[in-house]
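Visitor: The structure is given below, and queries will be raised subsequently.
Read the figures in this text as sums done on the coordinates, not as results from a lab. For clarity, every value in this text was computed on a predicted model and none was experimentally measured. All Cβ positions, glycine included, derive from the backbone under ideal geometry; neighbour counts span all protein chains shown.
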């Protein structure tokens with residue numbers, strides 16, 4: 001395939017995910033919630049449950065959210081499951097605990113409903129790696145491309161895409177793509193390369209990646225295996241190939257649950273965002289889970305950490321901040337999302 005990604009885009013993406021000194025998961029001052037006592041957490045959770053009923057709201061929570069937020073969810077899951085729940089809900093208010101592109105997806109699927117996100121500054125390095133203007137320019141230069149976009153992208157990028165995918169259905173989606181058109185997979189090159197191997201489809205890969213998953217290393221896996229020699233290594237496909245090569249299973253967060261539940265092993269090393277451990281422990285209480293650390297730090301997404309119990313409570317009280325998108329963008333982005341749901 002002769003189509004190449006411009007070098008300036010490669011450099012742009014590398015700058016976004018460039019490792020920082022110290023703790024790479026530290027969030028900015030002012031975004032970190034104050035420490036809460038167990039009693040404060042309990043009272044806030046009671047009020048959140050009351051407000052949900054009063055507002056006729058559904059609370060959709062991503063697997064990477066903090067335990068105290070997972071505990072008040074109506075549905076916890078990965079991006080695919082959350083998209084399905086958003087598409088079928090009849091709630092008057094959708095409150096999303098995740099990052100901004102997830103709230104946008106819910107709004108696209110429910111344009112007439114109120115969609116709120118406790119902190120709309122909660123972004124995503126993958127979303128940053130794919131500016132819509134650059135994708136439009138690339139598509140204009142290569143109109144023959146069939147664009148498959150990972151759901152971790154902006155609504156404007158979704159509007160420029162032919163179909164959306166998640167880590168849970170990417171193999172199925174790419175397998176269904178037209179065989180007579182070259183595929184551009186955006187924005188995650190690590191997920192894209194894994195999907196290409198699974199499907200045998202050659203694809204042009206946008207050079208983006210998740211800043212957190214890209215920090216995991218094969219050496220860290222080897223060290224973790226020394227500490228837990230009987231453990232199976234379960235890895236998210238956003239990780240580098242070197243990590244996937246030394247893993248026992250590569251799958252989405254939701255498929256991690258079924259894999260760990262059904263596997264005869266009792267111990268698992270998990271290479272993804274650390275809050276996934278809480279969900280796994282609840283679903284598989286008879287098993288042990290160990291997060292794969294990065295330079296001694298727990299891999300907690302600094303974007304996901306912006307959503308706190310206090311912000312969630314304020315959002316349900318005020319129904320702010322809300323997700324607002326133009327009708328044009330929502331109409332254009334809805335078709336590739338619905339295509340994904342149909343193909344899944």
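Visitor: Note the per residue figure in Å³ for the convex hull of the C-alpha positions in the stretch 86-169. Could the numbers behind the result be given before it?
Guide: Working: hull volume 8.9 nm³, N = 84.
That works out to 106 Å³ per residue.
Visitor: Between residue 263 and residue 320, what FRET efficiency comes out of the Förster formula 1/(1 + (r/R0)^6) with R0 = 35 Å and r the beta carbon distance, rounded to 0.05? Don't skip to the end; give the middle numbers.
Guide: Numbers: r = 44 Å, r/R0 = 1.25.
Once rounded, the FRET efficiency stands at 0.20.
Visitor: Here's something else I'd like to know. Add -39500 (n - 2.57) for each DSSP H run of 4 or more in the chain, then divide by its residues: what number comes out at 222 nm, to the nearest 500 deg cm²/dmol?
Guide: -12500 deg cm²/dmol
Visitor: Using 7 Å Cα-to-Cβ label points, what is the residue 197/residue 15 separation (nm, one decimal)?
Guide: Between residue 197 and residue 15, the simple spin-label model gives 3.1 nm.
Visitor: Now, a different point. May I ask you to sort 165, 209 by Cβ crowding, counting other Cβ atoms within 10 Å and putting the fewest first?
Guide: 209, 165
Visitor: I would also like to ask the following. For a quick check, take a GNM of the chain with Cα springs below 10 Å and name the residue from 185, 101, 290 with the largest mean-square fluctuation.
Guide: Of the options given, 290 has the highest mean-square fluctuation.
Visitor: Return the whole-Å distance between the Cα centroid of the stretch 187-202 and the Cα centroid of the stretch 51-70.
Guide: Using only Cα atoms to place each centre, the spacing works out to 33 Å.
Visitor: Quick one: of the DSSP bridges fully inside the chain, what percent are antiparallel, nearest 5?
Guide: On the way: 2 of 34 bridges.
If we restrict to bridges inside the chain, about 5 percent are antiparallel.
Visitor: Kindly put 228, 8, 62 in sequence by how many other C-beta atoms sit within 10 Å of each C-beta, fewest to most.
Guide: 8, 228, 62
Visitor: If you average the C-alpha positions of the stretch 206-249 and of the stretch 94-117 separately, how far apart do those two centres end up, in angstrom?
Guide: 31 Å
Visitor: Same structure, new question: Compare 16, 94, 307 in a GNM of the chain, Cα atoms joined below 10 Å, and give the one with the largest fluctuation.
Guide: Largest GNM mean-square fluctuation: 16.
Visitor: Next up: Report the gain in length on full extension from residue 39 to residue 225: 0.36 nm times residue separation, minus Cα-Cα distance, nm rounded to one decimal.
Guide: On the way: separation 186, 0.36 × 186 = 66.96 nm, distance 3.78 nm.
63.2 nm is the gain from fully extending residue 39 to residue 225.
Visitor: If you don't mind, another one. Where the centroid of each part is defined by its Cα atoms, how far is the stretch 265-344 from the stretch 141-162 in Å?
Guide: 22 Å
Visitor: Let me ask another. Would you mind giving the three semi-axes, in whole Å and largest first, of the ellipsoid equivalent to the stretch 213-291 according to its Cα gyration tensor? Intermediate values should be presented prior to the final figure.
Guide: Working: eigenvalues 67, 38, 22 Å².
For the stretch 213-291, the ellipsoid semi-axes come out as 18, 14, 11 Å.
Visitor: From Cα pairs below 8 angstrom and at least 6 apart in sequence, can you work out the relative contact order of the chain, rounded to a whole percent? Can you show the working numbers first?
Guide: Values: 651 pairs, mean separation 80.3, N = 344.
Once divided by the residue count of the chain, the mean separation gives 23 percent.
Visitor: Sort 140, 199, 272, 308 so that the residue with the fewest other Cβ atoms within 10 Å of its own Cβ comes first and the one with the most comes last.
Guide: Lowest to highest Cβ neighbour count: 140, 199, 308, 272.
Visitor: Counting only Cα, what are the radius of gyration and maximum Cα-Cα distance Dmax of the stretch 195-344, in Å?
Guide: For the stretch 195-344, the Cα-based Rg and Dmax read 18.5, 54 Å.
Visitor: Name the residue, out of 218, 333, 35, whose mean-square fluctuation peaks in a Gaussian network model built on the chain with Cα pairs under 10 Å.
Guide: With Cα springs under 10 Å in the chain, the top fluctuation among 218, 333, 35 is at 35.
Visitor: Which parts of the stretch 256-293 would a label at residue 84 reach, counting a residue when its backbone N lies under 19 Å from a point 7 Å out along Cα-to-Cβ?
Guide: Zone members listed by number: 256-262, 279-280, 283-284.
Visitor: Given labels modelled 7 Å from the Cα in the Cβ direction, how far is it in nm from residue 288 to residue 54?
Guide: Placing both labels 7 Å beyond Cα along the Cβ direction yields 4.5 nm.
Visitor: Given R₀ = 25 Å, FRET efficiency for residue 75-residue 328 by Cβ-Cβ distance, to 0.05?
Guide: E between residue 75 and residue 328, to the nearest 0.05, is 0.30.
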